[in-house]
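Report on one structure; see the data block that follows.
The values are calculated or read from the model by the stated rules, or taken from the named source; none is laboratory data. Being a predicted model, the structure only gives us computed values, none of them experimental. Cβ atoms come from the backbone with ideal geometry, glycine included; neighbour counts cover every protein chain shown. For accessibility, only protein heavy atoms count, side chains too; no ligands or nucleic acids. Shrake-Rupley method; radii C 1.70, N 1.55, O 1.52, S 1.80 Å.
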Amino acid sequence: MARKPSRLEFAVIGLGRFGRSVALNLIERGHTVLGIDRDPTIVQQLADRMTQVVALDSSNEDALRAVDIVSFDTVVVAIGSQFEANLLTTVALKQLGVKRVVCKALNERQQYILTRVGADLVVLPEHEAGARLAWQLSEPHVLEHLNLGSGFSVAEVRVPPPLVGQTLMQSGLRRRYGINVLAIKHNEKMIVTPPPEYVFHRDDRMLIIGTDSSISTFCDLSS
């Protein structure tokens, strides 16, 4: 009998709104999560919802060793308002030899500093949420948006009415708009890399990739 892939083990440090969301979503996906926060009240509140949760000072290397922090596949540092604690924790984790450290930053300056001290990935959740909202406000036809940087994005959009009944080849999306279709959702079924003969339907959703300007131009078809 084939073995099922083993679950990944994560530690999430800082159980505020962002860290809590990350931890609980990882648990829902079947992974093991150690939650860490210096506030015993928060730890007590989450005791019944998380795999394991402890109260400790994450900038203290001895405290991190005590929970065998190095054994986790990824450690997420979700400390938000106290950047000094965020920075000291990140440095401590890298010095201990944690394989992958993912940090939350509040601005690009923090992102730069955390990257310089060894963080493997630094996210700007408030910035990213703001960018998504800006897209939703300026391009109402964009259902979801992921900024890839350098002016490129992935977006989920409804099929514009002028394309209904056309095949992917007939639409000429790459030639006319400079976008590529990664997938199409049709009747709850996801079609990855749809064939050229695929016919667009009214309620289809498209996952497209291209420059921000090309996606905006394409969305004008729905206006």
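Summary table
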| quantity | calculated |
| --- | --- |
| Failed condition for Glu144, given (1) under 14 Å from Ile208 (Cα atoms); (2) of a type in the set (D, E, K, R); (3) modelled with pLDDT under 90; (4) touching a Leu at 6+ places or on another chain (Cβ under 8 Å) | (4) |
| Those residues of region 185-223 which are modelled with pLDDT of 95 or more and in a strand (DSSP E or B), in sequence order | Val199 |
| Residue match in region 106-119 (condition: modelled with pLDDT under 90 and not charged (D, E, K, R)) | yes |
| Residue, most open to solvent (accessible area, probe 1.4 Å), within region 147-179, restricted to residues that are touching a helix residue (DSSP H, G or I) at 6+ places or on another chain (Cβ under 6 Å) and more than 14 Å from Asp212 (Cβ to Cβ) | Pro162 |
| Residues (closer than 17 Å to Val98 by Cβ, assigned to a helix (DSSP H, G or I) and open to solvent by less than 80 Å² (accessible area, probe 1.4 Å)) located in region 20-62 | Val22, Ala23, Leu26, Glu61 |
| Odd one out for Arg7 among (1) assigned to a helix (DSSP H, G or I); (2) open to solvent by 60 Å² or more (accessible area, probe 1.4 Å) | (1) |
| Selected residue (criterion: least open to solvent (accessible area, probe 1.4 Å)) from residues of region 115-126 that are part of a helix (DSSP H, G or I) and of a type outside the set (Ser, Thr, Tyr) | Pro125 |
| Residue among Arg132, Arg175 that is over 30 Å from Gly97 (Cβ atoms), at pLDDT 90 or above and assigned to a helix (DSSP H, G or I) | Arg175 |
| Inter-residue pairs, beta-carbon under 8 Å, first closer than 11 Å to Leu168 by Cα and in region 180-196, second surrounded by 14 or more Cβ atoms within 10 Å (Cβ to Cβ) and aromatic (Phe, Trp, Tyr), 6+ apart | Ile184/Tyr198; Ile184/Phe200 |
| Hits in region 63-114 (condition: in a loop (DSSP other than H, G, I, E, B), closer than 14 Å to Ile36 by Cα and open to solvent by less than 30 Å² (accessible area, probe 1.4 Å)) | Phe72, Ala78, Ile79, Gly80 |
